[in-house]
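The values are calculated or read from the model by the stated rules, or taken from the named source; none is laboratory data. What you see is a predicted model, and the numbers here were worked out from it, not measured in a lab. Backbone-built Cβ (ideal geometry, glycine too); neighbour counts: all protein chains shown.
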Amino acid sequence: MTSRAAAIRYARALFDVAQKEADIQQVGRELGQIAAVIGGHETLSRALANPAIPAPRKRAVMEQLLERAGRLTPALGKLLLLLADRDRLALVPEIASAYEARLMDHAQVVRARVTTAVPLSDDRAAALQQGLARVTGRTVQLETHIDPSIIGGAVARIGSTVYDGSVTTQLQKVRERLAAAAAE
């Protein structure tokens with residue numbers, strides 16, 4: 001099983017337990033904080049991923065981290081210690097990412113990455129966000145980027161779906177139609 005698949009399974013299990021026993025948002029915040037601590041310290045991150053370091057030593061490190069973190073949701077603490085016992089602590093950042101995706105899916109929220117040639121005004125961004133919400137049937141979190149090479153229009157990516165309304169793409173389509181007409 002790939003590390004991504006394992007992370008998704010752990011995140012799903014944590015989410016299911018959190019729904020029954022805790023606040024799913026709180027668990028997500030706590031997991032994100034632990035992942036940030038691990039990701040923010042290169043030495044710690046490498047040590048937790050190093051197969052030469054025995055699992056009991058990694059568990060001791062995780063116990064110290066949990067002690068310093070203060071009061072965490074019991075389900076999250078149990079998962080982190082389980083990961084330490086199974087020598088899977090290197091998965092924590094991926095589990096945090098998968099858990100966040102699960103939270104967003106549960107809340108019917110999607111992220112849209114929108115690229116435009118020039119910065120969007122607030123009213124244009126709101127209109128685009130509403131349009132994408134109508135298309136997807138979900139609440140949309142807009143992440144905007146500027147790329148002058150698209151000349152005009154916008155390119156929106158939601159998951160693997162791309163809505164391309166850029167001038168560059170429209171010009172490319174015209175060029176292809178002209179080339180096809182000339183070839184006939």
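Observations
- GLN130 meets the conditions (1) polar (S, T, N, Q); (2) over 22 Å from ALA101 (Cβ atoms); (3) assigned to a strand (DSSP E or B) in every case but one. The failed one is (3).
- Per the listing GLY153, GLY137, the residue uniquely touching an Asp or Glu at 6+ places or on another chain (Cβ under 9 Å), farther than 25 Å from GLY32 by Cβ and either assigned by TED's automatic domain parsing to the domain that holds GLN172 or among the hydrophobic types (A, V, I, L, M, F, W, C) (or both) is GLY153.
- Evaluation of GLN129 against the conditions (1) out of contact with any helix residue (DSSP H, G or I) (no Cβ under 6 Å at 6 or more places or on another chain); (2) closer than 26 Å to ASP23 by Cβ shows that the sole unmet condition is (2).
- Residues located in segment 133-184, provided they are in a strand (DSSP E or B) and in contact (Cβ under 8 Å) with a residue 40 or more places away in the chain: ALA154, VAL155, ALA156, ARG157, ILE158
- Filtered by the rule that a residue be surrounded by 12 or more Cβ atoms within 10 Å (Cβ to Cβ), out of contact with any Leu (no Cβ under 7 Å at 6 or more places or on another chain), in a helix (DSSP H, G or I) and of a type in the set (A, V, I, L, M, F, W, C), segment 1-33 gives ILE8, ALA11, ALA13, PHE15, VAL17, ALA18.
- Within segment 133-156, considering residues that are within 20 Å of LEU103 (Cβ to Cβ) and touching a strand residue (DSSP E or B) at 6+ places or on another chain (Cβ under 7 Å), the one surrounded by the fewest Cβ atoms within 10 Å (Cβ to Cβ): GLU143
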